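*Asks:* Sharing a structure, written as structure tokens. Questions coming.
Nothing in this text is a laboratory measurement; each read-out follows from the coordinates by a stated rule. On a predicted model such as this, the values are computed, not experimentally measured, just so you know. All Cβ positions, even for glycine, are placed from backbone atoms using ideal geometry, and neighbour counts span all protein chains on display.
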Amino acid sequence: MRDDFIESFPKKKLQEIWESTEVEPGVLYIVGTPIGNLGDISVRALSTLAQVDTVLAEDTRTSSELLLPFGIKPHYLSFHQHNFRSRIENVIADLESGKSIAQISDAGMPTISDPGVELVDACLDAGLEVRVVPGPSASIAIVSLGGLPADDFRFVGFLPQKESDKHELLQDIKNYRGITVLYEAPHRLLQTLNDLVAAGFGQRELVVGRELTKRYEEVIRDTVENIIEYYSENKIRGEFVLLLGKTSAAEEAAQSINEEQDLKEQIEEALKADKTSKTILLELQDKSNLPKNELKKMIASIKTELEN
């Protein structure tokens, strides 16, 4: 069946798509590239990269390995986290002079955990046109593979290395009601998983994708604690994308109890400081999830307890 398909493959249609893709002068093209499988690159992406005056590449060697098999040898300019600030001004000037430029990352969509976002921002500020040639994305791939409700999800990229920033983000994730996508490098995977446990996510459902779209693709779904056990016993190789599940019912109940206790303590401290019930209500109604009438009753109840 595969051979029959190859024999009847609509090469003419591919040629039409290729020829209908025309790049325009003075336009920046954000082009998606495969996250591991060469077959995932689109005809439109190849045609665009073959035509532009310059391709901004995270690593020109990696990009060359991607495009050479298709006979594409563009003019490359390196554009990565260590030099993008010094590049942007010249790129803007080239676009304003009428050159067409494409930006690609080593894998996936540029601007996602990538300095390309600074370039797009600068181009838009300068009144230049930016167009997208969509392609694969590890973050969307893991959401599709994870089997978790994806009506509400967020992407946070890599966890910060600074402990205070990491703690703040993990608390933010804990308060979020949807699923969360993270990236991680192999040498930091266990540390990140242990950070999740320390932040109270030990029993949270987690999907770990490794080497997505490649030959040794692996997807594991279990609790965070069980996945730590798995990777403590198995070699950690490749790039990882994590999908952290929603808050469990038990977590929500515990969090609700903690929030209520914290609110009661704030009310008690305010009353002991001789603040009026009206003042306390005004100060706390925007910070609390309780309806105004419920908060009012709580303040009155605590006030009565203190007076007795």
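*Asks:* Please give the FRET efficiency for E96 paired with D59, using the beta carbon to beta carbon distance and R0 = 25 Å, rounded to the nearest 0.05.
*Replies:* Once rounded, the FRET efficiency stands at 0.40.
*Asks:* Here is a further query. To the nearest Å, what is the center-to-center distance of segment 137-215 and segment 94-122, using C-alpha atoms only?
*Replies:* 26
*Asks:* So how much slack lies between H82 and V197, counting 0.36 nm per residue of separation and subtracting their Cα-Cα distance, in nm?
*Replies:* Full-extension gain reported as 38.1 nm.
*Asks:* Computed FRET efficiency, Cβ-Cβ of S301 and D106, R0 41 Å: what is it to the nearest 0.05? Spell out each step's value before the answer.
*Replies:* Numbers: r = 59 Å, r/R0 = 1.45.
Once the sixth-power term is evaluated, E becomes 0.10.
*Asks:* Only residues of segment 43-61 count here: report those whose backbone N is under 14 Å from the spot 7 Å along Cα→Cβ of W18, or say none.
*Replies:* Hits in segment 43-61 for W18 at 14 Å: 43-51.
*Asks:* What are the residues whose amide H is under 5 Å from the amide H of Q103, where those residues sit 5 or more places off or on another chain and H is modelled from the backbone?
*Replies:* Y29, I30, V31, L56
*Asks:* Fewest to most neighbouring Cβ within 10 Å: what's the order for L190, L182, L28?
*Replies:* Least crowded to most crowded, the residues run L190, L182, L28.
*Asks:* Please report the relative contact order for the chain, taking Cα pairs under 8 Å with a sequence separation of at least 6, and give it as a percent rounded to a whole number.
*Replies:* 15
*Asks:* How much length is gained if the chain between E118 and H75 is pulled fully straight, taking 0.36 nm per residue apart and subtracting their Cα-Cα distance, in nm to one decimal?
*Replies:* Separation in residues times 0.36 nm, less the Cα-Cα distance, equals 13.3 nm.
*Asks:* Would you mind counting up the charge near K166? Only other residues with Cβ under 13 Å from its Cβ, with Lys and Arg at +1 and Asp and Glu at -1.
*Replies:* Numbers: positive: K162, K174, R188; negative: E163, D165, E168, D172, E184, D195.
Result for the neighbourhood of K166: -3.
*Asks:* Quote the FRET efficiency, to the nearest 0.05, computed for N293 versus E168 with a Förster distance R0 of 41 Å and r equal to the Cβ-Cβ distance.
*Replies:* The calculated FRET efficiency here is 0.80.
*Asks:* Excluding P110 itself, calculate the net charge of residues whose Cβ lies under 14 Å from the Cβ of P110, where each Lys or Arg counts +1 and each Asp or Glu counts -1.
*Replies:* Overall, the nearby charge balance is -4.
*Asks:* If I build a Gaussian network model for the chain, linking alpha-carbon pairs within less than 10 angstrom, which residue out of L263, L145, L95 has the largest mean-square fluctuation?
*Replies:* Maximum among the listed residues: L263.
*Asks:* Shifting gears a bit: Ranking M109, M298 by Cβ neighbours within 10 Å, fewest first, what do you get?
*Replies:* Working: M109 24, M298 19.
Ordered from fewest to most neighbouring Cβ atoms within 10 Å, M109, M298 come out as M298, M109.
*Asks:* Just the number, please: percent antiparallel of the DSSP beta bridges in the chain, rounded to the nearest 5.
*Replies:* Looking only at bridges with both residues in the chain, the antiparallel portion is about 45 percent.
*Asks:* Measuring from label point to label point, each 7 Å out along Cα→Cβ, what is the I236 to E211 span in nm?
*Replies:* About 1.7 nm, to one decimal.
*Asks:* Take every Cα pair under 8 Å in segment 158-280 that's 6+ residues apart, average their separations, divide by the length, and report that relative contact order as a whole percent.
*Replies:* Relative contact order for segment 158-280 comes out at 28 percent.
*Asks:* Continuing with this model, one more query. Counting other Cβ atoms within 10 Å, keep those with at most 10, restrict to DSSP loop, and tell me which GluC sites (Glu not before Pro) in segment 8-103 are left.
*Replies:* Qualifying residues, ordered by number: E22.
*Asks:* Which pairs in the list K11/K99; K11/K214; K162/K303 are over 32 Å apart, alpha-carbon to alpha-carbon?
*Replies:* Numbers: K11/K99 30 Å; K11/K214 26 Å; K162/K303 42 Å.
The pairs that break the limit, which is 32 Å between Cα atoms, are K162/K303.
*Asks:* I need E268, E184, E163 ordered by Cβ neighbour count within 10 Å, fewest first. Kindly include the intermediate steps, with their values, before the conclusion.
*Replies:* Details: E268 16, E184 20, E163 9.
Exposure proxy ranking, most exposed first: E163, E268, E184.
*Asks:* Where does each of 68-74, 137-143 land if you order them by average Cβ count within 10 Å, highest first?
*Replies:* Result, highest mean first: 137-143, 68-74.
*Asks:* What is the extension gain from E283 to R154, computed as 0.36 nm multiplied by their sequence separation minus the C-alpha to C-alpha distance, in nm to one decimal? Kindly include the intermediate steps, with their values, before the conclusion.
*Replies:* Details: separation 129, 0.36 × 129 = 46.44 nm, distance 3.03 nm.
Stretched out fully, the E283 to R154 stretch lengthens by 43.4 nm.
*Asks:* Still on this model: I want the antiparallel fraction of DSSP beta bridges within segment 1-136, as a percent rounded to 5.
*Replies:* 5
*Asks:* Let me ask another. Quick check of the Kirkwood formula: for the chain, what is the inverse mean of 1/r over all pairs of different Cα atoms, in Å?
*Replies:* One over the average 1/r among Cα pairs gives 23.2 Å for the chain.
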